[in-house]
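In what follows, a structure is listed as structure tokens, so that the remarks can point back to it.
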């Protein structure tokens, strides 16, 4: 992964000290909250319902074990012993004292981390396919270009004050594991007819108040022109994006108003204005950044299928393998998803003890890396076949080996009213009650793959619009109510793209929401044909049977 050089280190250190002075002035009363707000937001610090929340940037979700240990240390020393993984592959702390935040940023700088551009109207943390570099179906590794784009957009003066926040996501295969079609810019690896690497660039996706699926802006963009083309998109957005109404300020609104053809013309014109030499990334830079990522098979021998004996003798391990272990590009290696969705904790929360243990396990078995996934889980990318049993046993002891990846238990959930000052309704308690309703794993597996996503407000941090079942919390005269949508999906490929879920009818009360979800799932199980997935059944029968069941 990318390692800070001396320039990076100096920039981040100076930024910390600049912020330290700003905090001292705020504490002393020399800055009021209105004056301090833009300064703290530029450093990822939010004022929530009960305390300050810090959002730590984790570019494309990739961390070293020492970085995860530092995150655990901060959770213990400055928070309440845990952190929360987000859909942007970041980590959040929810219970911080303002006076401590400069020291926290200093600790992050010690291990090459920061919180810049995790808030504000700028390019946010760039996310990516968590299987990048190791996926069996990968076209090519997108992480080096994630890093190059990150470097280009970090503190870029032209793109620090955009009309609204701006999000990019990268996918390295035909299967979209990064939800690129609901991002401001989604970038997908592809190859031209002659085999040359290239990009398919989507633009104008997003969720929130006006959900929209992105459209193709450029097909077959030459591999080395992505930075220049991204700059052209940002320039068009900066020029034409609405600044008079924050609800209409996202690029999805601009693309919708102009139409994709007109928008594409504007981008191509802006791209043409960039000098020819500057449209291409220096091959030496591509080579140097690429060299920082593990792309070669390690020289150590592996034993193929060493786990088969354990699978035959241990049915629980076998179920974990079937649900949580994925194919790797190298024979004898596996990808292991670490389920951070277990009984007793909000989805996406890990304790400091779990983070410390994950770091140790990563050093022993995963080449010292830990990967965050946009669905609020974690991933080991380099697990040898002969180590699967030991990894499972360690994760099981931590409560992180539940074989529920992709199931009703594997919910995406925002912090909701428990923490967020923008929320209208609770998310975490609803997620817990749904989880408790489906504790029987045999029943969970019978339901099959099902993506349930919960947001506590219209900002859609829980991605409810693209949930097979989506839940949106709303407020009615101070009471919590919930709107249900069905049939959404983040998309898998061009033939099966992202879909915005269909709202089934009036919102239901807090007392009714969990029963309503159970009714929807029971209805699906009655209507499905054979092993049909939920989204396929919904596409076949439509919304009416579910409406009748919920509102009977």
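Rg/Rh, computed from the Cα trace of segment 142-290 with Rh as the Kirkwood radius, has the value 0.95.
Taking other Cβ atoms within 10 Å as a rough exposure proxy, 154, 492, 230 sort from fewest to most as 492, 154, 230. The spacing between segment 373-392 and segment 308-366, judged by their C-alpha centroids, is 4 Å. The simple Förster model, with R0 at 60 Å and r as the Cβ-Cβ distance, assigns residue 536 and residue 18 a FRET efficiency of 0.65. Each 20 Å bin from 0 upward holds the following percent of the Cα-Cα pairs of the chain: 21, 57, 21, 0. Using all pairs of distinct alpha-carbon atoms, the Kirkwood hydrodynamic radius of segment 386-525 works out to 15.8 angstrom.
How big is the Kirkwood radius of segment 466-521, worked out from every pair of different alpha carbons and given in Å to one decimal? Please list the in-between numbers first.
On the way: mean 1/r = 0.0832 Å⁻¹.
When all Cα pairs of segment 466-521 are included, the Kirkwood radius is 12.0 Å.
Taking the Cα centre of each part, how many Å lie between segment 485-552 and segment 130-160? The two parts, judged by their Cα centres, are 35 Å apart. If the label point is 7 Å along Cα→Cβ of residue 110, which residues in segment 11-25 have backbone nitrogen under 15 Å from it? In segment 11-25, the label zone of residue 110 (backbone N under 15 Å from the point 7 Å along Cα→Cβ) covers 13. Over segment 308-398, all Cα pairs binned in 5 Å intervals from 0 give whole-percent P(r) values of 3, 13, 25, 27, 19, 10, 3, 0, listed from short to long.
For n ≥ 4 DSSP H runs only, could you compute -39500 (n - 2.57) per run for the chain, divide by its residues and tell me the 222 nm figure to the nearest 500? Intermediate values should be presented prior to the final figure.
Details: 18 runs with 200 residues, N = 552.
The helix-only estimate for the chain comes to -11000 deg cm²/dmol at 222 nm.
Inter-part distance, segment 212-278 to segment 52-88, computed on C-alpha centroids, equals 33 Å. Applying 1/(1 + (r/R0)^6) with r as the Cβ-Cβ distance of residue 543 and residue 8 and R0 = 60 angstrom yields a FRET efficiency of 0.75. Applying 1/(1 + (r/R0)^6) with r as the Cβ-Cβ distance of residue 287 and residue 155 and R0 = 30 angstrom yields a FRET efficiency of 0.80. Residue exposure proxy: 461, 146, 365, ordered by other Cβ atoms within 10 angstrom of their Cβ from fewest to most, comes out as 365, 461, 146.
For segment 6-110, go through all pairs of different Cα atoms, get the mean of 1/r, take its inverse, and jot down that Kirkwood value in Å.
When all Cα pairs of segment 6-110 are included, the Kirkwood radius is 14.3 Å.
Ordering 427, 394 by the number of other Cβ atoms within 10 Å of each residue's own Cβ, fewest first, gives 394, 427. One decimal place: the segment residue 175-residue 302 gains 43.0 nm when fully extended, by the rule 0.36 nm per residue minus the C-alpha distance.
Read the figures in this text as sums done on the coordinates, not as results from a lab. The structure presented is a predicted model; accordingly, all values stated were derived computationally and were not measured. Every residue, glycine among them, receives a Cβ derived from its backbone with ideal geometry; neighbour counts consider all protein chains shown.
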